[in-house]
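These notes are about the structure you will find just below.
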Amino acid sequence: METLKTKADESSAQQELGDETFMSAADLRNYMTEMQMAKATTSVEGMDRAEKARQDLIKRLSEPLNLTSETLRDILLPLKAKLRAAAERGQTELMVMRFPNALCTDHGRAINNSDETWPETLTGRPRQAYELWRDQLRPAGFRLSALIIEWPGGLPGDVGFFLKWADTKK
């Protein structure tokens, strides 16, 4: 009778080993693969959302603002406060704008190569920001530089505009 009980116990143990509470090595590998695929799908969905947000930003920034005196005031007052705060921290430059390189007709090539004609490649609001510097901030002694600040996949990505106010070394 004891032999029958042992065989029943073995059968019960094998059933337990086969259910979801204990996976075989193959089951565990399949589970891991499914989990990795789920994470990759989530990552791809995240990348899709990020690309959609990027395209929305490009669309929004490609449309110039109607620069009324009120709009200029709404831009310049916070900018002056940020510049003052940066100067109080001892900084001599401040990034004042960041935008995708798609808003340059050459996707940032001229900026990357320090070509002096880089402003001619700007479109939309980055072009307006440059013109605002040229017409109002440069006469006040500010300098503007544009740099590629991100390199996705080793290619030029986002562009940053930096206002500078320290004396240049001669």
Point to revise | First in segment 133-151 and under 19 Å from residue 116 (Cβ atoms), second anywhere and surrounded by fewer than 12 Cβ atoms within 10 Å (Cβ to Cβ), Cβ under 9 Å, 6 or more apart | key: 143/166; 143/168
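Here is a yes/no grid of residues against (1) at pLDDT below 75; (2) open to solvent by less than 100 Å² (accessible area, probe 1.4 Å); (3) closer than 29 Å to residue 104 by Cβ:
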residue	(1), (2), (3)
10	yes, no, no
23	yes, yes, no
42	yes, yes, no
48	no, yes, yes
60	no, no, yes
Practice item. Report, ordered by the first and then the second residue, all pairs with beta carbons closer than 7 Å, sequence separation of six or more or different chains, a first member in segment 59-78 that is more than 17 Å from residue 103 (Cβ to Cβ), and a second member that is outside any helix (DSSP H, G or I) and open to solvent by less than 80 Å² (accessible area, probe 1.4 Å). Key: 71/65
Review point. Which ones in segment 78-116 are β-branched (Val, Ile, Thr) and over 29 Å from residue 56 (Cβ atoms)?
Key: 92
Review point. Would a scan of segment 50-61 turn up a residue that is over 15 Å from residue 144 (Cβ atoms) and in contact with a Gly (Cβ under 8 Å, 6 or more places away or on another chain)?
Key: yes
Exercise for review: Determine whether residue 83 is modelled with pLDDT of 75 or more and in contact with a Ser or Thr (Cβ under 8 Å, 6 or more places away or on another chain).
Suggested key: no
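The values are calculated or read from the model by the stated rules, or taken from the named source; none is laboratory data. Here the structure is a predicted model, which means the values were calculated and not measured. Please note: Cβ atoms are built from the backbone with ideal geometry, for glycine as well, and neighbour counts cover all protein chains shown. Protein only, heavy atoms only, side chains kept; ligands, DNA and RNA dropped before computing areas. Shrake-Rupley method; radii C 1.70, N 1.55, O 1.52, S 1.80 Å.
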